[in-house]
1. Estimate the FRET efficiency between Ala213 and Leu146 by the formula 1/(1 + (r/R0)^6), using the beta-carbon distance for r and 41 Å for R0, to the nearest 0.05.
2. What do you get for the angle between helix 91-103 and the principal long axis of the chain? Use alpha-carbon atoms, 0 to 90 degrees, nearest ten.
3. May I ask you to sort Tyr75, Tyr69 by Cβ crowding, counting other Cβ atoms within 10 Å and putting the fewest first?
4. If you count, for each residue, the other Cβ atoms within 10 Å and average over each peptide, how do 84-91, 211-218 line up from highest to lowest?
5. Treating the Cα atoms of the chain as identical point scatterers in vacuum, please give the log10 of the normalised Debye intensity I(q)/I(0) at q = 0.08, 0.14, 0.16 Å⁻¹, two decimals.
6. Could you pull the Rg and Dmax for the range 12-110, using just the Cα atoms, both in Å?
7. Under the definition of Cα pairs under 8 Å and six or more residues apart, what whole-number percent is the relative contact order of the chain?
8. So how much slack lies between Leu189 and Glu136, counting 0.36 nm per residue of separation and subtracting their Cα-Cα distance, in nm?
Amino acid sequence: MIRVMVTGAAGRMGTAVLEAVAAAEDMRVAARVDPALPAGDGNFADVAAALAAGGIDVAVDFTQPASVYANTCAYLDAGVHAVVGTTGLTDHQIADIRARAEAGDANAVIAPNFAVGAVLMMRFAAEASRHMASAEIIELHHDRKLDAPSGTALRTAALMDGDPVIHSVRLPGLVAHQEVILGGLGETLTIRHDSLSRESFMPGVLLAVRQVATHPGLTLGLEPLLFTSEDT
Ligand code: NAD
């Protein structure tokens, strides 16, 4: 049984992760961390208190850009593997997390998007950009998302040739969507992914919880967990 701590457990993603972990046969919820939860019964107001209580193998973090870096450092320093979905980490912070994961016993998986279809969309966009030089990315999210551009759009742009421009749309009713439009001579190619509910992220989150212990250091993006070297 993998003992999982969920940080941001009262949030939209955290609630979905709690349900997915509870339904999985090989893992269980060992701690819920969120200042919005009532104290007691496995609930903790902060990461430090939950880590001090012990009994955790993997921490799953879906909090907010302002807290994710300190949380992730705390997991790794306590020897707890980290699965991080919270977006907004800077390149400098990611480099520091990589150094901590490589120096210590605990590993980290940081993925801006745990939806398998989104990972494929990024892969196809990267491949298409090698052949079509002009591209723009339109990312569309619900209006309570704190960061813009999205972590997925930034990651997509980093994987593509040609420095694509990113446009961000924030509207009620949306969940998480992205279009990559490539233009060539007399033709366009549109690659689109839609997360229609937060369930779309759960197979990827559970995959990362299961695999983080066997992937030393920092794994950035879900691709290394989904694809073998024969796929690349
Ligand atoms: P949300 O606002 O619904 O939930 C965040 C929760 O975190 C809140 O309940 C808040 O009280 C709690 N929180 C904040 N700081 C905390 C701390 N230091 N310790 C414990 N709890 C803390 O947000 P959400 O929609 O669930 O999204 C959370 C994050 O996940 C965002 O950064 C979002 O962009 C990201 N996200 C990532 C993916 C992915 O696939 N990687 C998918 C969807 C959302």
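1. Working: r = 30 Å, r/R0 = 0.73.
So, using R0 = 41 Å, E works out to roughly 0.85.
2. Result, in degrees: 50.
3. Numbers: Tyr75 28, Tyr69 19.
Going from sparsest to densest Cβ surroundings: Tyr69, Tyr75.
4. 84-91, 211-218
5. -0.29, -0.87, -1.11
6. 13.1, 37
7. 19 percent
8. 18.0 nm
Values quoted throughout were computed directly from the atomic coordinates according to the rules given, and no laboratory measurement underlies them. The model shown is predicted, which means the values in this text are computed figures rather than measured ones. Please note: Cβ atoms are built from the backbone with ideal geometry, for glycine as well, and neighbour counts cover all protein chains shown.
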